[in-house]
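Asks: One structure, as structure tokens, below. Some questions next.
Every number in this text was worked out from the coordinates using simple rules, so none of it is lab data. For clarity, every value in this text was computed on a predicted model and none was experimentally measured. For neighbour counting, all protein chains shown are included, and Cβ atoms are generated from backbone atoms with ideal geometry for every residue, glycine included.
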Amino acid sequence: MNREYESLICLCLTGETIEENQEYLRRYRNCIDLVELRLDLLSDSELDRLRGNPGRLGEMLTGVQRLVTCRRLADGGAWSGDERERCRVLGDVLDGPPDWIDLEDDLSDELEIAARERGVGIVRSIHCLDSPPADVPGILDRLSRGGALAKLAVAVSGTDDVRRLVESVAQRAPGTHIVLGMGEYGLMTRLLARRIGSAWTYTSAHGAVQAAPGQVDPRTLVERYGFRRIGPDTALFGVVGDPIAHSRSPEYHNARFQRDNLDAVYLPFRVDDLRPFMSIAHTLPLHGMSVTVPHKSAAAKLADHTDDAVRETGACNTLIREHDSYLGTNTDVPGFLQPLTPYLDAVDGATIVGAGGAARAIAYALVTRGMDVLIVNRTVSRAEALASDMNRAAERIASTQAGVRPGRARAGAIPNSRSDIAGFGSLIVQTTSCGMEPNDECDPIPEYRFDGSEVVYDIVYTPATTTLLERAERAGCRVISGALMFEQQAAVQYDLFRRAYWSFRRSRDNGTRSYDGVRRDIGRAPWSRQSEG
């Protein structure tokens, strides 16, 4: 879905006065291409002033294209007055004149005719505040009548809604439409406007009234997410999870892409269901993904090829595109072990708190290095299933690698006292989301009392020092922050992304579609032996 089209950035002006909106324009002028003046959000007195002197529109909002909108309550706006009066408001400001006017699909053609007579561009729009419509292509065709720019804004409640939007415009000519999903799940449609052919994307000023759910400010769009750098051949990467707002991965990987001068961008994707997102990944396409909570187990099942670390743990935190397939590996294993190295001689057993995807990688890392582990979880059956899987992995390793003595795993409930984890307390590893922002006061084992001899490792990295680590440090324990694990696993991950990028570039330049080099790179990784999955 490469798009030879440069999508614009539109700043929604949501202030009550023209002067307030001018300040928003001054703040972001170097980041934007056009502004949308929301007439429905102006104060009554300011709207009357503008109607009496529509030329103020051009005099006060200079240097950018100007779009005017007066949105009804039913369409997510603030206009609650008479519909005929709303049409008169729109007609009055046409003498500005603006560059564009947004007219809902059900408005008569009179305003459109008047706008065209003044050389004003037409946006015909529909806002679906409940769910995506069934026939998106048909709606866009109808909205495009007479050469209008078709706009469809849809409230999306999950990833499958976004998939339907993205796939519906895959074959449509770029620049003839604006399609966006409102809300956090729909953020990808705003960040990737160019890839889905949208004429522009909408933003709101930081601290101002947000014109629609899910908008970000223009500077964040440009500087953090590299919107201007996303061209038709830009390699796309991203992090997939739910929640995702806390992730430092976009900051880390985008900084490294820019430092290495690669035509690549890394974006956050909030995803509630990985299966429909994999369809989006193929459509865009995405060349690599970091996978985080709660999708690591699903990624292990959906990857087309996996290595032994993924097969044994059932958890995958990295997907790399090869041809039309995705290879799965797990960089949590080396990322977890490296910060622990100075303490390994003092550790004779480990308690792992949690039984999710990260816990699987960590249990595998410890068991395959000969350490006995206790896996505790509030739902004991999940801990028992993980312990059983790890013991089977240990048996396979012992039978195939001479001289290797893997550790053993057992399961239990979240401990309430030291006696619950006797023999496993020298290392305590916290793998749940408890303690992660915004729930940073959460303590996953509040009843447990440290005696100061433990090494306590919390893989949460926002905040860098969690409530659990603070408590352990006060008791005299040695502590390891998840920030160290994040940096180590991200470094390994970035190396795979960089190799995938160059394989993609070589295949494109040579007119081939072979990514075999990426598969060899994963297969040679020191923590991973490649296999089919």
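Asks: Given the Cα-Cα distance of Asp324 and Arg474 and 0.36 nm per residue of separation, how much length would full extension add, in nm?
Replies: On the way: separation 150, 0.36 × 150 = 54.00 nm, distance 5.14 nm.
48.9 nm is the gain from fully extending Asp324 to Arg474.
Asks: Give me the mean projected area, in nm² to one decimal, of the convex hull enclosing the Cα positions of the range 8-232.
Replies: So the mean shadow area of the Cα hull is 11.4 nm².
Asks: As a test, work out the antiparallel percent of DSSP beta bridges whose residues both lie in the chain, rounded to the nearest 5.
Replies: Counting DSSP beta bridges with both partners in the chain, the antiparallel share is about 15 percent.
Asks: Which three numbers, in whole Å and largest first, are the semi-axes of the equivalent ellipsoid of the range 381-464 derived from its Cα gyration tensor as √(5λ)?
Replies: Each semi-axis is √(5λ); the values are 28, 16, 13 Å.
Asks: Can you give the alpha-carbon Rg of the range 233-533 over 2.2 N^0.38 Å, where N counts its residues?
Replies: So the range 233-533 has a normalised radius of gyration of 0.99.
Asks: Rounded to the nearest Å, what's the spacing between the alpha carbon centres of the range 59-85 and the range 218-245? Just the number, please.
Replies: Here the answer is 29 Å between Cα centres.
Asks: Round to a whole angstrom and tell me the spacing of the C-alpha centers of the range 284-348 and the range 261-281.
Replies: The distance from the Cα centre of the range 284-348 to that of the range 261-281 comes to 16 Å.
Asks: Mind checking the dipole of the chain: about its Cα centre, +1 per Lys or Arg Cβ, -1 per Asp or Glu Cβ, Debye to the nearest 20?
Replies: On the way: 63 positive and 74 negative charges, 366 e Å.
My answer is approximately 1760 debye.
Asks: A further question on this structure: Nearest 20 debye, what's the magnitude of the dipole of the range 110-267 about its Cα centre given +1 on Lys and Arg Cβ and -1 on Asp and Glu Cβ?
Replies: Dipole magnitude for the range 110-267 comes out near 400 debye.
Asks: Measure off 7 Å from each Cα along the Cα-to-Cβ vector at Leu107 and Glu23, then give the distance between these two points in nanometres to one decimal.
Replies: Output for this residue pair reads 2.9 nm.
Asks: What is the angle, in °, between the Cα long axis of helix 482-509 and the longest principal axis of the Cα atoms in the chain? Nearest 10 is fine, range 0 to 90.
Replies: 60
Asks: Once every DSSP H run of n ≥ 4 in the chain is given -39500 (n - 2.57) and the sum is divided by its residues, what mean residue ellipticity at 222 nm do you get, rounded to the nearest 500 deg cm²/dmol? Please report the intermediate quantities before stating the final value.
Replies: Values: 18 runs with 188 residues, N = 533.
After summing the helix terms and dividing by the residues of the chain, the value is -10500 deg cm²/dmol.
Asks: How many nm is it between the label spots at Arg116 and Ala134, if each spot is 7 Å from the Cα in line with the beta carbon?
Replies: 3.1
Asks: Using modelled amide H (1.01 Å from N, peptide plane; none on Pro or chain starts), what sits under 5 Å from the amide H of Ala78, excluding residues fewer than 5 places away?
Replies: Arg71
Asks: Using 0.36 nm times the number of residues separating Ser45 and Glu83, minus their current alpha carbon distance, what extension gain do you get?
Replies: Full-extension gain reported as 11.8 nm.
Asks: Considering the convex hull of the alpha carbon atoms of the range 409-506, report its projected area averaged over all viewing directions, in nm², one decimal.
Replies: Result: a mean projected hull area of 8.0 nm².
Asks: Give me the tail of P(r) for the range 115-159 as a percent: Cα-Cα pairs with distance above 18 Å.
Replies: Looking at the range 115-159, the distances longer than 18 Å represent 36 percent of pairs.
Asks: Related question: How much length would be gained if the chain were fully extended between Arg506 and Leu73, taking 0.36 nm per residue of separation minus their Cα-Cα distance, in nm to one decimal? Before the final figure, lay out each step's value.
Replies: On the way: separation 433, 0.36 × 433 = 155.88 nm, distance 5.16 nm.
Full extension from Arg506 to Leu73 adds 150.7 nm.
Asks: Can you tell me how the range 320-406 classifies by the Cα gyration tensor, rounded, prolate or oblate, using a/c under 1.5 as the rounded cut?
Replies: Taking the square roots of the gyration eigenvalues as a ≥ b ≥ c, the range 320-406 is rounded.
Asks: Follow-up. Can you find, among Gly370, Val404, Ile414, the residue sitting farthest towards the positive end of the charge dipole of the range 233-533, where Lys and Arg contribute +1 and Asp and Glu -1 at Cβ?
Replies: Val404
Asks: Still on this structure, please answer the following. Using the alpha-carbon atoms, what tilt in degrees (0 to 90, nearest 10) does helix 83-93 show relative to the longest principal axis of the chain?
Replies: Roughly 80 degrees between the two axes.
Asks: Could you work out how far apart the two model spin labels at Arg378 and Ser157 are, taking each label as a point 7 Å from the Cα in the direction of the beta carbon, and quote it in nm?
Replies: Placing both labels 7 Å beyond Cα along the Cβ direction yields 2.5 nm.
Asks: Here's a follow-up. Label point 7 Å out from Asn30 along Cα-to-Cβ: which residues of the range 205-243 have amide N under 14 Å?
Replies: Of the residues in the range 205-243, 219-220, 222-223 have backbone N under 14 Å from the label point off Asn30.
Asks: Across the range 349-361, in residue order, what do the Karplus-derived ³J(HN,Hα) couplings come to in whole Hz, using 6.51 cos²θ - 1.76 cosθ + 1.60 with θ = phi - 60° and x for Gly and Pro?
Replies: Ordered by residue, 3J(HN,Hα) equals x, 9, 9, 10, 8, x, 9, x, x, 5, 4, 5, 5 Hz.
Asks: Can I ask one more? Assuming R0 = 30 Å, what is the FRET efficiency of Thr62 and Arg248, from their Cβ-Cβ distance, to the nearest 0.05?
Replies: My answer for the efficiency is 0.20.
Asks: Treating each Cα of the chain as an identical point scatterer and ignoring solvent, apply the Debye formula and state log10 I(q)/I(0) at q = 0.06, 0.07, 0.11 Å⁻¹.
Replies: Taking Cα atoms of the chain as identical point scatterers yields -0.36, -0.48, -0.95.
Asks: Just want the ordering: His287, His246, from fewest to most Cβ atoms lying within 10 Å of their own Cβ. Walk me through the numbers before you get to the answer.
Replies: Details: His287 24, His246 18.
Ordered by Cβ neighbours within 10 Å, fewest first: His246, His287.
Asks: How large is the Kirkwood hydrodynamic radius of the range 462-506, counting all unique pairs of alpha carbons, in Å?
Replies: 12.7
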